[in-house]
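K.L.:
I have a structure I would like to understand better, so I am pasting it below and will then ask my questions one at a time.
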Amino acid sequence: SEVAHLWATALGESAARAATALPEVGDSFRRGIKPRDLITVSEWADRHRELRSGTNAPGPWRTALTPYLREIMDALSEHSAVRQVTFIKSSGVGGTEVALNWIGYIMHHLGNKDLLVVQPTLELRDRSFNPRLAKMIDETSCLAGLVSNAQRNKANRTDLLEYGARARIIKAGANSPDSLRSDHLPYVLCDEVDAFPWDVGGEGDPMTLIENRQRTFSRAKTYLISTPTKENASRISQQYARSDQRRYMVPCPHCGEMQPLEFGGKDCSYGLKFRRAPKVEGDTGPAAVVSAWYVCRACAAEIYESDKTAMLEKGRWVAARPSVKHHRGYHINALYAPVGLGLSWLKIAQKWIDAQGDSAELKAFFNTYLGEVFRED
């Protein structure tokens with residue numbers, strides 16, 4: 001795609017220069033042959049996405065604040081060869097923002113692609129997704145004009161959004177087989193897939209029903225997002241196992257060793273470490289964490305959270321199974337959350353202390369903070 005883009009651009013420029021007798025003909029030819037700009041989803045977001053409310057960093061979207069999201073977004077770009085992106089993650093690291101940026105890219109830059117968005121239930125679609133989508137459209141000026149006030153009253157229903165020249169965003173629930181019986185379409189976004197039922201209305205696995213909608217498109221794209229749940233019952237971990245299994249490697253500020261940020265644990269020599277306050281006599285509650293740091297797996301040096309911004313900027317995704325070419329899997333946990341945009345290492349350590357002795361809280365910690373399945377004894 002990029003080679004063809006450059007060739008057509010060069011042809012148009014040379015024709016404009018050659019048409020000296022009739023320059024307006026050359027200019028018309030150049031404008032007519034010039035293809036659409038080849039931009040990625042992250043480039044589109046940096047140029048156009050605006051955040052006005054519900055964020056600690058209002059203003060224009062800046063991918064540089066969350067550099068680990070750049071490659072995930074770019075894999076969803078039209079000219080990328082990746083066919084499926086699986087994002088297994090902790091809560092609050094930007095997976096849904098990637099989805100909204102992709103929707104904005106499809107609406108504004110592509111303009112003619114149908115998209116199926118599947119939420120776990122119709123209730124969650126109406127209560128959570130629809131308001132967030134409407135807010136993004138209202139806050140991003142280049143999108144607001146694509147959905148007129150007249151269209152918002154008629155076509156922008158709870159289950160369907162028409163934009164541009166009759167392109168559609170179909171909004172479905174995994175618990176409703178009727179909402180999954182849409183026309184064939186190229187792009188699919190599935191949010192919180194671990195909350196999808198394993199059988200919907202007696203018609204089988206909803207993921208199979210969704211895949212059937214993309215069969216006729218050779219360049220179809222699918223984006224799956226979710227925090228994981230229990231072992232042997234997690235769709236997202238199953239899909240991640242089939243992918244190229246990427247982890248975000250960051251350099252140690254002391255020795256430069258590239259490594260993923262991991263929780264570790266008390267029996268592990270590396271990972272997140274913390275210090276508790278001395279217990280006061282008569283205090284029966286969990287200990288208070290007073291400091292937290294990270295220990296490098298290579299040189300055992302202490303890394304502090306103030307180092308994290310520079311580490312994230314120099315990080316890169318590394319695949320454990322590079323032979324898998326068209327299915328990229330990304331795994332990330334809450335330790336990567338940028339300073340000021342997520343929980344600090346100290347608060348994560350406190351959550352771990354507070355969860356001890358309660359299997360329900362431990363499960364939530366593994367799922368929503370570490371982005372890992374929970375193995376219950």
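The values are calculated or read from the model by the stated rules, or taken from the named source; none is laboratory data. Keep in mind that this is a model prediction, so the values were computed, not measured. Cβ: placed from backbone, ideal geometry, glycine included. Neighbour counts: every protein chain shown. Please note that ligands, DNA and RNA were not included when accessible areas were found on the heavy atoms of the full protein model with its side chains. Shrake-Rupley method; radii C 1.70, N 1.55, O 1.52, S 1.80 Å.
K.L.:
I need the full set of residues from region 56-91 which are under 30 Å from F374 (Cα atoms) and assigned to a loop (DSSP other than H, G, I, E, B), in order please.
P.N.:
T66, L76, V82, R83, S90, S91
K.L.:
How many residues are among the aliphatic types (A, V, I, L, M) and under 18 Å from R83 (Cα atoms) if we restrict to region 234-271?
P.N.:
2
K.L.:
Under 7 Å between Cβ atoms, which residue pairs at least 6 apart in sequence (or on different chains) link something in region 175-203 that is over 18 Å from L76 (Cβ atoms) and touching a residue at least 40 places away in the same chain (Cβ under 8 Å) with a partner that is open to solvent by 30 Å² or more (accessible area, probe 1.4 Å) and among the β-branched types (V, I, T)?
P.N.:
Hits for this filter: N175/T121; D194/T229.
K.L.:
Does A144 satisfy being open to solvent by 20 Å² or more (accessible area, probe 1.4 Å) and small (G, A, S)?
P.N.:
Against the criterion (open to solvent by 20 Å² or more (accessible area, probe 1.4 Å) and small (G, A, S)), A144 qualifies.
K.L.:
Within region 222-277, take every residue that is charged (D, E, K, R) and under 30 Å from D114 (Cβ atoms) and give me the one that is most open to solvent (accessible area, probe 1.4 Å).
P.N.:
R242
K.L.:
On the given criteria, is D194 modelled with pLDDT of 90 or more, of a type outside the set (K, R) and in a helix (DSSP H, G or I)?
P.N.:
Answer is yes for this residue.
K.L.:
Quick one: in region 29-71, which of the residues that are open to solvent by less than 60 Å² (accessible area, probe 1.4 Å), small (G, A, S) and modelled with pLDDT under 95 is nearest to the chain's Cα centre (by Cα)?
P.N.:
It comes out as A57.
K.L.:
Something else about it: Can F196 be described as hydrophobic (A, V, I, L, M, F, W, C) and open to solvent by 30 Å² or more (accessible area, probe 1.4 Å)?
P.N.:
In short, no.
K.L.:
Return only the number of the condition from (1) at pLDDT below 95; (2) open to solvent by 70 Å² or more (accessible area, probe 1.4 Å) that L209 does not satisfy.
P.N.:
Among (1) at pLDDT below 95; (2) open to solvent by 70 Å² or more (accessible area, probe 1.4 Å), the lone unmet condition for L209 is (2).
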